[in-house]
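Note sheet for the following structure.
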Amino acid sequence: MPLTNMFKAKGLKRRWLVNNLGLVALILLVFVAVFCITAYNFYYTNLTSQLIARADTTALFLQTYQSSDPTLFFENTRRYAEEFVDRDKMEFQVIQRNERVRYSSSDGLFSGFDPGTPDVATALKQQKTTSYAGEDSFTKERVLSVTAPLYFPNGELAGAVRMITGLRNVDQIILTLCLISIFVAVSIFGFVLFTNSYFLRSILNPVQEINEITKQIAAGEYGGTIEKKFDDEIGELADSINFMSSEIGKSEMLKN
């Protein structure tokens with residue numbers, strides 16, 4: 001049944017379609033919303049956990065295995081940034097205590113700029129690993145950024161390490177999954193609409209025939225019968241109408 005005909009439907013057909021399909025549409029809408037939210041939380045939570053673990057591990061490594069001399073310490077962090085092996089997947093930065101980038105794996109020795117995301121300030125002030133998902137102030141792309149406090153071997157705060165990765169691929173995966181869920185929901189709705197249309201025709205067509213026969217009887221035309229197609233309540237009603245029409249017809253013949 002086309003949607004235009006569905007909205008033009010009246011009476012029993014309209015009530016059935018609105019009540020039944022309205023409930024189905026609501027359930028499918030909730031399904032799509034829950035699925036998309038679940039997919040979003042799953043991918044973002046996993047990616048954030050991985051990035052936090054990487055940042056914490058890197059900060060602990062630099063604190064444990066590097067020189068306690070500040071000059072040598074930062075020289076080793078510079079070398080680590082230059083030789084960062086996962087530069088194709090994420091960016092590694094060494095942040096100073098003034099919240100400025102000291103070294104970056106993507107820009108070599110380029111330094112001195114403010115990352116512009118709140119995770120840096122929070123990680124330095126509260127000295128705890130902090131994450132941020134949102135727009136990068138420089139590239140204007142959506143990124144996930146994790147900043148972990150970095151300490152000298154003696155325990156003094158040296159700054160922070162920061163891991164940044166783009167969210168384009170993750171967002172694309174989530175969008176694809178949401179589109180698939182929408183397609184599935186629309187397919188289910190279409191199937192329900194088709195089966196409901198068939199079911200309604202099996203009910204409404206006999207009802208319409210009964211209505212026509214009763215109009216004929218009311219107009220004085222007796223003897224008409226309804227074809228009994230189903231052995232159910234509609235069939236019983238058809239039998240009753242046929243019997244009534246026959247009896248009234250016999251009575252009229254006897255009277256005449």
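General remarks:
- Estimated at 0.36 nm per residue, the fully extended path between Asp86 and Ser197 surpasses their Cα-Cα distance by 34.3 nm.
- Cα-based shape type of the stretch 33-188, given that a ≥ b ≥ c are square roots of the gyration tensor eigenvalues and the cut on a/c is 1.5: prolate
- Heavy-atom accessible area order for Met244, Met90, largest first, 1.4 Å probe: Met244, Met90
- In the assembled protein chains, Glu83 presents an accessible area of approximately 120 Å² (probe radius 1.4 Å).
- Gyration tensor verdict on the stretch 47-122 (Cα atoms; rounded if a/c is under 1.5, prolate if a/b is larger than b/c, oblate otherwise): rounded
- Accessible surface, 1.4 Å probe, highest first, among residues Glu212, Glu75: Glu212, Glu75
- Summary of packing: across the peptides 112-119, 25-32, the per-residue average of other C-beta atoms within 10 Å ranks them, highest first, as 112-119, 25-32.
- Solvent-accessible area of Ser137 with every protein chain in place, 1.4 Å probe, in Å² to the nearest 10: 50
- Distance between the pseudo-spin-label points of Glu236 and Glu212 (7 Å out from Cα toward the beta carbon): 2.6 nm.
- Once the Cα-Cα distance is subtracted from the 0.36 nm per residue extended length, the Arg100 to Phe189 segment shows a gain of 26.6 nm.
- Solvent-accessible area of the stretch 48-194 (1.4 angstrom probe, protein heavy atoms only): carbon and sulfur portion equals 56 percent.
The values are calculated or read from the model by the stated rules, or taken from the named source; none is laboratory data. Everything numeric in this text was worked out from a predicted model, so none of it was measured. Because the Cβ atoms are built from the backbone with ideal geometry, glycine has one as well, and the counts that use them run over all protein chains shown. Side chains included, ligands, DNA and RNA excluded: accessible areas come from the protein's heavy atoms. Shrake-Rupley method; radii C 1.70, N 1.55, O 1.52, S 1.80 Å.
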